[in-house]
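One structure is given here, and the rest of the page talks about it.
The values are calculated or read from the model by the stated rules, or taken from the named source; none is laboratory data. The structure presented is a predicted model; accordingly, all values stated were derived computationally and were not measured. With ideal geometry, Cβ positions are generated from the backbone for all residues, glycine too; neighbour counts draw on all protein chains shown. The protein model used for the area step is the full one, side chains on, heavy atoms only, and it has no ligands, DNA or RNA in it. Shrake-Rupley method; radii C 1.70, N 1.55, O 1.52, S 1.80 Å.
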Amino acid sequence: MPGEWGKASVKPLRLPPLFHAPHRGMFLAGATQALLAMLWWAFDLGGRHAGLYAAPSWPLPAPWLHAVLMSYGLFTFFIFGFVMTAGPRWQAAPPVGPASYLSAFVLMAAGWLGFYAALWLPALLLPSFAVVLAGWCAGLPALWRVMCTPSNEQTHILAVVGGLTFGALLLAAFLGFAAGGPAWLATLALKGGVWFFLLPVFTALCHRMLPFFSSAVIPQYRVVRPLWLLHLLLACYAVHGVLEAAGLPQWTWLVDLPAALAAGWLSLAWQPRRCLAVRLLAVLHVAFAWLAASLALFAAGSLLQHLGAGSLGFAPLHALTLGFFASAVIGMVTRVTLGHSGRPLHADNAVWRIFWGMQGVAALRVAAEFVHLAGFANLYWLAALGWLAAFGAWYVRFAPLYLKPRPDGQPG
C-alpha cells in the first residue's frame, strides 16, 4: 500500500509469521481479548442483571473491573499494533524493532491472562496489573523515539503517543489503588481512561487516516483535515475528563456541546455520502459519526443533571465505546489486516454483516439504559451476547491470517 501506511518495514528474519510485523501479534491479542473480556462480562451480567443464576463475586466491583479491562486491556493492543507499524511511516522514522513490540506483546498478554486467573485467585490481581504495566512501558520508548523524529506535522503522532503515555500513568494509578491507595486513584483511572487516553487516540487516528483512505479511493476527493479543530477536540476532552474526575458531570456540557458540533462538522466535511458506496470506507465513516452522536448525548445528559431533571446513565458512554471505538476497530483493523496480508482492500458480505451487527449491539446497549427487562430478555446481557457474536464471526474470519505468511511473499 502506498502513502501513509506503506509496506511493513520489519523483515521476517527467523521469527514465526505471528511476529513478522508489530500489528500481527497485537491485533491477534486484541481480537482474543475482545472475546475473553466480553465472555466474562456476559457471565457476570447473566447473574447480576438477567438473574439467570446467583450473581458471582469478584475481587473488586464488577463495573470497575469491566471498565479497566475494556479501557486498558482491549483497545490498547490494537492501538499499539497500529501505531508501531504506521507511526514510523508517518514520521519517516526507523521501524520499530522486534525487541520492542515482542516484549510489549508478551508482557501485556501474560498480564491479562493473569488477570483472568485473579478473578478466582485475588492474590494474583496486583502482580497481573504490574506485568501489564511493564509491557506497556516496554513498548513506549520505541514510540517516543518515533514521536520525537522531526517532521512537517507532528500533532497526530503527539496525540496518539501522548495518549498511550497517559494511559500508562492512569493504569499505574489504578495499580496504586489496588495496592491499597486512596479511592480517588481508581476514580481517576476509570474516568481518565476514556477522556485522557482512548478518545484522544481514536480521534487523532481518524482525523489523520479517514481523509487519507478516502482520497485513495474516491475520485477528486478533497482532503479536509484542519489541525485547529483537532486541537479543539483534544482540549474539550481534557476539560471533560477533569470535570468528571472532580465529580462535576453537570458542567461537562460546556465542552461537550462544542466538541459534538466540531465532530459533526468533520463527519460531514469528509463527504460520507460519497464514501458510503465503498464498504471499507463506509464502515469507518459510520463509526466516526457515532462520535458526534455520543458527544451530543454526553451534553444532553450533563444538562439534565445541571437542571436536576435526571440523567442518561451510561447511554452516552456506550454510544462512544461501542458505537465509535469498537466500530472503528472493526473497520480499521479489517483494512490493515487485508492490506498487510496481501489481499484486496474489499469488505465482502461477511464483513458488512459483522459491522452492521455491531451497530445493532451499540444501539441495543444504549437502549438498555431505558428499557429494563429481566431474564433472557435483559438488554445488558443480550448486548454482551451480540458483541460476542459479532467479534466471534470476525475472529473466525481474520485471526488465522496473523498466523500465516503473506501469500505474495512480501514482508509484513
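May I ask you to list the residues in the stretch 349-376 that are over 18 Å from ALA326 (Cα atoms) and touching a residue at least 40 places away in the same chain (Cβ under 8 Å)?
At the first step, the residues of the stretch 349-376 found to be over 18 Å from ALA326 (Cα atoms) are 349, 369-376.
Within the stretch 349-376, GLU369, PHE370, ALA374, GLY375, PHE376 meet the criteria.
A quick yes/no check of all residues on (1) among the hydrophobic types (A, V, I, L, M, F, W, C); (2) under 30 Å from ALA299 (Cβ atoms):
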position	(1), (2)
GLY323	no, yes
VAL329	yes, yes
ARG335	no, no
LEU338	yes, no
GLY342	no, no
HIS346	no, no
PHE355	yes, yes
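Are there any pairs, at least 6 apart or on different chains, whose C-beta atoms fall under 6 Å, with the first in the stretch 141-167 and closer than 16 Å to MET209 by Cα and the second of a type in the set (Val, Ile, Thr) and at pLDDT 95 or above, and if so, which?
Within 6 Å, the pairs are VAL160/VAL83; VAL160/VAL201.
Which one is farthest from the chain's Cα centre (by Cα), of the residues in the stretch 272-283 that are open to solvent by 50 Å² or more (accessible area, probe 1.4 Å) and in contact (Cβ under 8 Å) with a residue 24 or more places away in the chain?
So the first thing to find is which residues in the stretch 272-283 are open to solvent by 50 Å² or more (accessible area, probe 1.4 Å), and the list is 273-274, 276-277, 279.
After this cut, where a residue has to be in contact (Cβ under 8 Å) with a residue 24 or more places away in the chain as well, the list is 274, 279.
Working: ARG274: 26, ARG279: 21 Å.
The selected residue is ARG274.
So which of ALA259, ALA269, ALA292, ALA296 is in contact (Cβ under 8 Å) with a residue 24 or more places away in the chain, open to solvent by 30 Å² or more (accessible area, probe 1.4 Å) and of a type in the set (Gly, Ala, Ser)? Walk me through how you get there before you give the answer.
Details: ALA259 fails: open to solvent by 30 Å² or more (accessible area, probe 1.4 Å); ALA269 fails: open to solvent by 30 Å² or more (accessible area, probe 1.4 Å); ALA292 fails: open to solvent by 30 Å² or more (accessible area, probe 1.4 Å).
When all the criteria are applied, what remains is ALA296.
Can you name every residue in the stretch 156-184 that is open to solvent by 30 Å² or more (accessible area, probe 1.4 Å) and either within 24 Å of THR203 (Cβ to Cβ) or assigned to a helix (DSSP H, G or I) (or both)?
Of the stretch 156-184, the ones open to solvent by 30 Å² or more (accessible area, probe 1.4 Å) are 158, 165-166, 169, 172, 175, 177-180, 182-184.
LEU158, THR165, PHE166, LEU169, ALA172, LEU175, PHE177, ALA178, ALA183, TRP184, listed by residue number.
Answer with yes or no whether HIS20 is buried (at least 20 other Cβ atoms within 10 Å of the Cβ) and modelled with pLDDT under 95. Step through it out loud before you land on a result.
Values: buried (at least 20 other Cβ atoms within 10 Å of the Cβ): yes; modelled with pLDDT under 95: yes.
When the stated conditions are applied, HIS20 passes them.
Which one of the conditions (1) over 20 Å from the mean Cα position of the chain (by Cα); (2) assigned to a helix (DSSP H, G or I) does SER151 fail to meet, given that it meets all the rest?
In the conditions (1) over 20 Å from the mean Cα position of the chain (by Cα); (2) assigned to a helix (DSSP H, G or I), SER151 misses (2) alone.
Does any residue of the stretch 325-344 turn out to be open to solvent by 40 Å² or more (accessible area, probe 1.4 Å) and in contact with a helix residue (DSSP H, G or I) (Cβ under 9 Å, 6 or more places away or on another chain)? I'd like the intermediate steps shown before the answer.
Here is the first cut: in the stretch 325-344, the ones open to solvent by 40 Å² or more (accessible area, probe 1.4 Å) are 343-344.
Pick out the ones that are also in contact with a helix residue (DSSP H, G or I) (Cβ under 9 Å, 6 or more places away or on another chain) and you get 343-344.
Scanning the stretch 325-344, I find at least one residue that is open to solvent by 40 Å² or more (accessible area, probe 1.4 Å) and in contact with a helix residue (DSSP H, G or I) (Cβ under 9 Å, 6 or more places away or on another chain), so the answer is yes.
Matching residues to (1) among the β-branched types (Val, Ile, Thr); (2) more than 17 Å from LEU119 (Cα to Cα); (3) open to solvent by less than 10 Å² (accessible area, probe 1.4 Å):
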site: LEU28; (1), (2), (3): no, yes, no
site: LEU35; (1), (2), (3): no, no, no
site: LEU45; (1), (2), (3): no, no, yes
site: ARG48; (1), (2), (3): no, no, no
site: LEU52; (1), (2), (3): no, yes, no
site: ALA55; (1), (2), (3): no, no, no
site: PRO59; (1), (2), (3): no, no, no
site: PRO63; (1), (2), (3): no, no, no
site: MET70; (1), (2), (3): no, no, no
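Here is a check on your reading of the model: is LEU385 surrounded by 14 or more Cβ atoms within 10 Å (Cβ to Cβ), more than 21 Å from LEU28 (Cα to Cα) and modelled with pLDDT of 90 or more? Full working, then the answer.
Details: surrounded by 14 or more Cβ atoms within 10 Å (Cβ to Cβ): yes; more than 21 Å from LEU28 (Cα to Cα): no; modelled with pLDDT of 90 or more: yes.
Here the answer is no, as LEU385 does not meet what is asked.
Given (1) surrounded by fewer than 21 Cβ atoms within 10 Å (Cβ to Cβ); (2) among the hydroxyl-bearing types (Ser, Thr, Tyr); (3) within 26 Å of SER267 (Cα to Cα), identify the lone condition not met by THR149.
Just one mismatch for THR149, condition (3).
Counting just the residues of the stretch 393-411 that are open to solvent by 50 Å² or more (accessible area, probe 1.4 Å) and under 15 Å from PHE27 (Cβ atoms), which one comes out modelled with the lowest pLDDT?
Residues of the stretch 393-411 that are open to solvent by 50 Å² or more (accessible area, probe 1.4 Å), as a first pass: 395-397, 400, 403-405, 407-410.
In the following step, the residues that additionally are under 15 Å from PHE27 (Cβ atoms) were identified as 395-397, 400, 403-404.
Numbers: TYR395: 97, VAL396: 96, ARG397: 93, PRO400: 93, LEU403: 90, LYS404: 87.
Here the residue is LYS404.
Does the stretch 357-374 contain any residue that is surrounded by 15 or more Cβ atoms within 10 Å (Cβ to Cβ), within 19 Å of the chain's Cα centre (by Cα) and charged (D, E, K, R)?
Yes: the stretch 357-374 contains one or more residues that are surrounded by 15 or more Cβ atoms within 10 Å (Cβ to Cβ), within 19 Å of the chain's Cα centre (by Cα) and charged (D, E, K, R).
Could you please find all residues in the stretch 169-222 being touching a residue at least 12 places away in the same chain (Cβ under 8 Å) and hydroxyl-bearing (Ser, Thr, Tyr)?
Of everything in the stretch 169-222, those that are touching a residue at least 12 places away in the same chain (Cβ under 8 Å) and hydroxyl-bearing (Ser, Thr, Tyr) turn out to be THR187, THR203, SER214, TYR221.
Looking at (1) modelled with pLDDT of 95 or more; (2) over 22 Å from the mean Cα position of the chain (by Cα), which one does ALA262 not meet, given that it meets all the others?
Looking at each condition in turn, ALA262 falls short on (2).
Pairs please, first residue from the stretch 57-69 and in contact (Cβ under 8 Å) with a residue 12 or more places away in the chain, second anywhere and surrounded by 19 or more Cβ atoms within 10 Å (Cβ to Cβ) and not aliphatic (A, V, I, L, M), Cβ atoms under 7 Å, 6+ apart in sequence or on different chains.
Filtered contacts from the stretch 57-69: ALA62/ASP44; HIS66/TRP41; ALA67/GLY193; VAL68/PHE174.
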